[in-house]
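Notes for the one structure printed next.
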Amino acid sequence: MVVIGGGQSALAVGYHLARELRKREATVALLDRQPGPGGAWRDGWDSLRLFSPAEWSSLPGYLLPRHLGDRSADAFPHRDDVLGYLTAYEDRYELPVWRPIDVRAVRRLGDDRLLVETDRGDVSARAVVAATGTAARPFTPHVPGRDVFGGIQMHSSAYRSPEAFAGLRVLVVGGGNSGAQILAEVSAVADASWVVEREPRFLPEDVDGRVLFDAATARYRALQNGEALERPHGLGDIVQVPPVREARAAGRLESFRPPIAALTASGVVWPDGTEERIDAVIWCTGFRPALGFLDPLGVVGADGRVAVEGTRSIAEPRLWLVGYGEWTGFASATLVGVGRSARATAREVAAALPTASVP
Ligand code: FAD
């Protein structure tokens, strides 16, 4: 069987599949288009910090070593810590990741198999798990004039460091953790404002990502039991990692602006019609699932998602999807959250495959 992807979601699935498939006549291959381990973390900006501490940022079986987070003088691991951890995770469990291999398409092949077409040949599989994340499809909202704006436009996925913005008038668009972390450092060197739909919600300084997971877990359980529960904190709330805390204390995260009405050749038009000159826009506006390789199966809806029960495609029962967000499992787009979806998926995949005649 084939897992498409080689980031944290694919590794979590690979870990559980190795255990579930011991008694099945099945081999697994993880196909990843990246040249090395780490998935989307390879493209994170230079100062990127997790919003969750080390013990709440681990895949199944092997904890992100605490000292990695502590090395950075506080409990929030750095991007490079995660890259090192995912590399070690692959080695530790000898996960069969093949790279770089780009999966171009998945098609039906007879009654019981799917054909996975790649840039290095085709492979047939009784089961396919898509774990390709969202990083390949950065999302920027439609804003009139975006094409005529002559300044710098950059999505957070392309952002690396603040130097390119020194001395410029910059808008950072998006009120989540990415927007907060990037604004925190850009505002130190530029005249930067924060474009948000509503005032961002900062978690108290002593509250970090683990509280978000606890709150989200309580909400998930309540929903499963048919109960309503007030949401004290959400996964979109902003964790005050040290650079954010410092920028906030210095008053640099308080210049909120409403959503942009339009861009012009040299600036921005606000909803009240006023215009202002700006030099750059950094879009911290998220991602969408990158599932174009599933087009031949006809399972991807207009919203870019696949209809699933749990993580299994309803229209194509040989296909599972892991790690894309809440629609493929509660908190599944996080390091600590993907384990639950990965385990359930591996069990279903194993149950759908033939049992080995020899134990
Ligand atoms: P990815 O890491 O994107 O891996 C998918 C892999 O599949 C990639 O290697 C990609 O190249 C490959 N691929 C894609 N298409 C194909 C194809 N057609 N053929 C072959 N290979 C393909 N989570 C936390 O738990 N804590 C945090 O603090 C945290 N902070 C975050 C901060 C930012 C700024 C962002 C963007 C995310 C953060 N996350 C955090 C969320 C999450 O951990 C990442 O989004 C994570 O990288 C998703 O893992 P994934 O394996 O699903 O996807």
*Would you mention how many residues in the range 141-179 are closer than 28 Å to residue 300 by Cα, open to solvent by 40 Å² or more (accessible area, probe 1.4 Å) and within 16 Å of the ligand (Cβ to nearest atom)?*
3
_With the requirement that a residue be more than 11 Å from the ligand (Cβ to nearest atom), open to solvent by 50 Å² or more (accessible area, probe 1.4 Å) and touching a residue at least 60 places away in the same chain (Cβ under 8 Å), what does the range 97-118 give you?_
107, 108, 112, 113
*In the range 341-356, which residues are within 13 Å of the ligand (Cβ to nearest atom) and either out of contact with any His (no Cβ under 7 Å at 6 or more places or on another chain) or more than 14 Å from residue 130 (Cα to Cα) (or both)?*
341, 345
*In the range 71-93, is there at least one residue being modelled with pLDDT of 90 or more, in a strand (DSSP E or B) and within 13 Å of the ligand (Cβ to nearest atom)?*
no
*List the pairs whose first member sits in the range 318-336 and is within 10 Å of the ligand (Cβ to nearest atom), whose second member is open to solvent by 30 Å² or more (accessible area, probe 1.4 Å) and among the aromatic types (Phe, Trp, Tyr), and whose Cβ atoms are under 6 Å apart, counting only residues at least 6 apart or on separate chains?*
336/56
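In the range 49-59, which residues are more than 6 Å from the ligand (Cβ to nearest atom) and over 23 Å from residue 16 (Cβ atoms)?
49, 53 - these are the residues of the range 49-59 that are more than 6 Å from the ligand (Cβ to nearest atom) and over 23 Å from residue 16 (Cβ atoms).
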_Hits in the range 309-324 - residues which are open to solvent by less than 40 Å² (accessible area, probe 1.4 Å) and out of contact with any helix residue (DSSP H, G or I) (no Cβ under 6 Å at 6 or more places or on another chain)_ = 313, 318, 319, 324
*Scanning the range 29-47 for residues that are of a type in the set (A, V, I, L, M) and surrounded by 22 or more Cβ atoms within 10 Å (Cβ to Cβ), which turns out farthest from the ligand (Cβ to nearest atom)?*
30
*At least 1 residues that are under 26 Å from residue 199 (Cβ atoms) in each: list the strands (runs of 3 or more DSSP E) lying fully within the range 121-176 that qualify.*
152-155, 169-173
*Within the range 3-22, identify whether any single residue is at pLDDT below 95, near the ligand (Cβ under 9 Å from one of its atoms) and open to solvent by 50 Å² or more (accessible area, probe 1.4 Å), and answer yes or no.*
no
*Pick from the range 277-293, criterion open to solvent by 20 Å² or more (accessible area, probe 1.4 Å) and away from the ligand (no atom under 11 Å from the Cβ), ranking: nearest to residue 195 (Cα to Cα)*: 285
*Among the residues of the range 225-258 satisfying the criterion of being loosely packed, with under 13 Cβ neighbours inside 10 Å and within 24 Å of the chain's Cα centre (by Cα), which is modelled with the highest pLDDT?*
236
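Go over the candidates 344, 302 one by one and state the one that is outside the structural domain of residue 197 (by TED's automatic domain parsing), in a loop (DSSP other than H, G, I, E, B), surrounded by fewer than 20 Cβ atoms within 10 Å (Cβ to Cβ) and out of contact with any Cys (no Cβ under 8 Å at 6 or more places or on another chain).
302
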*Candidates 315, 290 - the one that is assigned to a loop (DSSP other than H, G, I, E, B), under 26 Å from the mean Cα position of the chain (by Cα) and at pLDDT below 95*: 290
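The values are calculated or read from the model by the stated rules, or taken from the named source; none is laboratory data. Here the structure is a predicted model, which is why all the values come from computation and not from measurement. Cβ atoms come from the backbone with ideal geometry, glycine included; neighbour counts cover every protein chain shown. Areas reflect the complete protein model, heavy atoms only, side chains present, ligands, DNA and RNA absent. Shrake-Rupley method; radii C 1.70, N 1.55, O 1.52, S 1.80 Å.
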